[in-house]
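Contents: one structure, followed by commentary.
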Amino acid sequence: MSSPCDPQHAPAGDVGSALMMIDSRLKAIYDDKTQTNAEQQALTDQFAVSLGPGGLDDMLDGACTLIYMFMQWLRMAYEDHGKDVIEYVVPNLVATMRMMSKSIRPEAIPTMAGLLVAAGTGLSPSLWRKQYGYWTKDEMNPLEATAFLLAEHINRLTDDHDFATRLITEALSRADEG
């Protein structure tokens, strides 16, 4: 029986823009010669405003697609070692988000944990979230942080600062060819 949260029913959104934002954050962390956090945030805010309301919705769906794709890759990687992705990824990301109290309000953390569990069990994070209403302003930073933390987790696992970005870029290239 198909779930209403099945990824086949979900819009992919603007994965390219969402990936660009996550990759920009990763590069800022890995290369201490990049812009300051304030400069980075100003550029991110300016980019988000330039998208307009429809573009922002597409980027939200794109971020959820990234979360789904990252969790599927992690699920397969952990299963190859006889481990459960929910058990090993979700608690670590939740603990990290709890330490990010300036960027992530505590009440947003359960929603982000739910997105991770939804994606880790093969459901669309976007459709899972939409059944509870529209995104709130307080969920924007946590959503971006969730996608970022997953990408960074993948990069640490592979010992390659560009692996997560390359993973998505290659998947998008294959989709364009097909």
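The values are calculated or read from the model by the stated rules, or taken from the named source; none is laboratory data. Small disclaimer: the values here were computed from a predicted structure and weren't measured. Reconstructed Cβ throughout: ideal geometry from the backbone, glycine too, with neighbour counts over all protein chains shown. What goes into the accessible areas is simple: the full protein's heavy atoms, side chains included, and nothing from ligands, DNA or RNA. Shrake-Rupley method; radii C 1.70, N 1.55, O 1.52, S 1.80 Å.
Filtering segment 94-109 to residues that are of a type outside the set (S, T, N, Q) and either open to solvent by less than 60 Å² (accessible area, probe 1.4 Å) or under 15 Å from residue 147 (Cα atoms) (or both) leaves 94, 95, 97, 100, 104, 108, 109.
Conditions (1) outside any helix (DSSP H, G or I); (2) of a type in the set (Asp, Glu); (3) surrounded by 13 or more Cβ atoms within 10 Å (Cβ to Cβ); (4) in contact with a Phe, Trp or Tyr (Cβ under 9 Å, 6 or more places away or on another chain), marked per residue:
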residue: 83; (1), (2), (3), (4): yes, no, yes, no
residue: 115; (1), (2), (3), (4): no, no, yes, yes
residue: 119; (1), (2), (3), (4): no, no, yes, yes
residue: 128; (1), (2), (3), (4): no, no, yes, no
residue: 148; (1), (2), (3), (4): no, no, yes, no
residue: 164; (1), (2), (3), (4): no, no, yes, yes
residue: 174; (1), (2), (3), (4): no, no, no, no
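Could you go through segment 86-93 and let me know if any residue there is within 26 Å of residue 56 (Cα to Cα) and of a type in the set (S, T, N, Q). So far as segment 86-93 goes, no, none of its residues is within 26 Å of residue 56 (Cα to Cα) and of a type in the set (S, T, N, Q). Scanning segment 154-162 finds no residues that are β-branched (Val, Ile, Thr), open to solvent by 40 Å² or more (accessible area, probe 1.4 Å), assigned to a helix (DSSP H, G or I) and within 15 Å of residue 65 (Cα to Cα). Scanning segment 130-141 for residues that are out of contact with any helix residue (DSSP H, G or I) (no Cβ under 6 Å at 6 or more places or on another chain), assigned to a helix (DSSP H, G or I) and surrounded by 12 or more Cβ atoms within 10 Å (Cβ to Cβ) yields 130, 140, 141.
Residues checked against (1) hydrophobic (A, V, I, L, M, F, W, C); (2) modelled with pLDDT of 80 or more:
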site	(1), (2)
8	no, yes
12	yes, yes
18	yes, yes
35	no, no
53	no, no
60	yes, yes
78	no, yes
87	no, yes
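Every condition in (1) among the polar types (S, T, N, Q); (2) modelled with pLDDT of 95 or more; (3) surrounded by fewer than 16 Cβ atoms within 10 Å (Cβ to Cβ) is met by residue 65 except one, and the failing one is (3). For beta carbons closer than 8 Å, sequence separation of 6+ or different chains, a first residue in segment 122-142 that is of a type in the set (Ser, Thr, Tyr) and a second that is at pLDDT below 95 and assigned to a loop (DSSP other than H, G, I, E, B), the qualifying pairs are 124/5; 124/6; 124/10; 126/10; 126/11; 126/13.
In segment 74-92, what residues are touching a residue at least 60 places away in the same chain (Cβ under 8 Å) and more than 21 Å from residue 142 (Cβ to Cβ)?
Let us first name the residues in segment 74-92 that are touching a residue at least 60 places away in the same chain (Cβ under 8 Å), namely 74, 77, 89, 92.
If the condition is that a residue be touching a residue at least 60 places away in the same chain (Cβ under 8 Å) and more than 21 Å from residue 142 (Cβ to Cβ), then 77 is the only one that fits.
Scanning segment 116-137 for residues that are over 17 Å from residue 154 (Cα atoms) and aliphatic (A, V, I, L, M) returns 118, 123, 127.
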